[in-house]
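**Q** Sharing a structure with you now.
Read-outs: derived from the displayed coordinates by stated rules, not from any lab. Quick caveat: nothing in here was measured; it's all calculated off a predicted structure. Counting neighbours? That spans all protein chains shown, and the Cβs are built from the backbone with ideal geometry, glycine included.
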Amino acid sequence: MTCPICGKATDPAYRPFCGKRCADIDLGRWLTDGYVIPGDAPEAAEEEPPTDPPHRPH
């Protein structure tokens, strides 16, 4: 198995990466939205106007 970041052989301690550096690069990509899962944007749900809460006598 090779590291998905640099292509070197993986290290069992950092699998599937070759080492801490590549593992950190991958984490940084996830945290900064570097990876995107393809798909359609969700449609905006039709919003209903808010209803007044029931009146409670004091």
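**Q** How much mean residue ellipticity at 222 nm does the chain get from its helices, if each DSSP H run of length 4 or more adds -39500 (n - 2.57) and you divide by all residues, to the nearest 500 deg cm²/dmol?
**A** Per the formula, -6500 deg cm²/dmol.
**Q** How long is the gain from residue 10 to residue 31 if the chain were fully straight, where each residue apart is worth 0.36 nm and the alpha carbon distance is subtracted?
**A** In short, 5.3 nm is gained.
**Q** Right, here's the next one. So how do 33, 11 line up by other beta-carbon neighbours within 10 Å, fewest first?
**A** Exposure proxy ranking, most exposed first: 33, 11.
**Q** Relative to the longest principal Cα axis of the chain, at what angle does helix 20-31 sit, 0 to 90 degrees, rounded to 10?
**A** The answer is roughly 20 degrees.
**Q** Which of these values of Kirkwood radius over Cα pairs in Å was calculated from the structure shown: (i) 15.7; (ii) 15.2; (iii) 11.2?
**A** Calculated Kirkwood radius over Cα pairs in Å: the matching label is (i).
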